[in-house]
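So the structure is just underneath, and the comments pick up after that.
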Ligand SMILES: C[S@@+](CC[C@H](N)C(=O)[O-])C[C@H]1O[C@@H](n2cnc3c(N)ncnc32)[C@H](O)[C@@H]1O
């Protein structure tokens, strides 16, 4: 039985988006060069994309998320694959993990959504072992999903107060000081693009709506207010502006920053 959701992350079809994000988890896990004896934690694991890939390489993997319904899907996926992952319910700002508990700390479009950026950065640093590494993926400012958020802004309740926009984590100049204040030093950054292909602009529009739990959660209210069709039309126009014709369909390019950081004290005995 599906666990009851406690956040809007599970209100729509987020797993359909997660399936499209697998290449990002693959890129991160490859960059992490995980060894069999590494302890790995995937922070804000969602349906477990990165944790499941990590568990194919390392014996001890933990996946943390604050949404039980997604964690339950992750648990089922790992069980189906015969993989052992320690799934834990928890907030990125108060990770249910001991200090220095992982050589590899991963977060794919996860920690960027913390309300308290400083607390989240401190938690990544706290759980990372002294000789460990932290790898993060975050949408760059102005890229497709942050821009979509601007379009939706007029229709949705204001997001909870946060330390800054999530895409702060996708800008090296902004995330560098944030991590440095938590004693993490960036050692590499790369900007990548994930392409999502759809049969039509309408299909792309429906996908962006259906996979956005915070939009789906507001649908009844917006329908009752007679504003739902306007939201759909604005999103359709957004897809028209941002989409590229591709083999009879449409392609959306989603740009993200992939970074690696290490404890600042590493190598400075
Ligand atoms: C865009 S999804 C990414 C999920 C997964 N990492 C992936 O690659 O598909 C964001 C995830 O962050 C989780 N999340 C957001 N804020 C969180 C918080 N404060 N603590 C724990 N999880 C959080 C959500 O529940 C969701 O699973």
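The values are calculated or read from the model by the stated rules, or taken from the named source; none is laboratory data. Treat the numbers as computed from the prediction; the structure is a model and nothing was measured. Glycine also receives a Cβ, built like all others from the backbone with ideal geometry; neighbour counts cover every protein chain displayed.
Restricting segment 243-259 to residues that are in contact (Cβ under 8 Å) with a residue 40 or more places away in the chain and surrounded by fewer than 19 Cβ atoms within 10 Å (Cβ to Cβ), the residue that is farthest from residue 175 (Cα to Cα) is 248.
Hey, can you tell me all the residues within segment 79-88 that are outside any helix (DSSP H, G or I) and away from the ligand (no atom under 15 Å from the Cβ)?
Pass one, segment 79-88, residues outside any helix (DSSP H, G or I): 81-88.
Across segment 79-88, the qualifying residues are 81, 82, 83, 84, 86.
Every condition in (1) in a helix (DSSP H, G or I); (2) closer than 28 Å to residue 192 by Cα; (3) away from the ligand (no atom under 13 Å from the Cβ); (4) out of contact with any helix residue (DSSP H, G or I) (no Cβ under 9 Å at 6 or more places or on another chain) is met by residue 76 except one, and the failing one is (2). Taking first residues from segment 42-69 that are on the phi > 0 side of the Ramachandran plot and modelled with pLDDT of 95 or more and partners that are assigned to a loop (DSSP other than H, G, I, E, B) and more than 6 Å from the ligand (Cβ to nearest atom), the Cβ contacts under 9 Å between residues at least 6 apart in sequence or on separate chains come to 48/85. The set of residues from segment 89-124 being touching a helix residue (DSSP H, G or I) at 6+ places or on another chain (Cβ under 8 Å) and more than 10 Å from the ligand (Cβ to nearest atom) comprises 97, 98, 99, 100, 101, 102, 104, 105, 117, 118, 121, 124.
For segment 40-57, residues that are surrounded by 20 or more Cβ atoms within 10 Å (Cβ to Cβ) and more than 8 Å from the ligand (Cβ to nearest atom) total 7.
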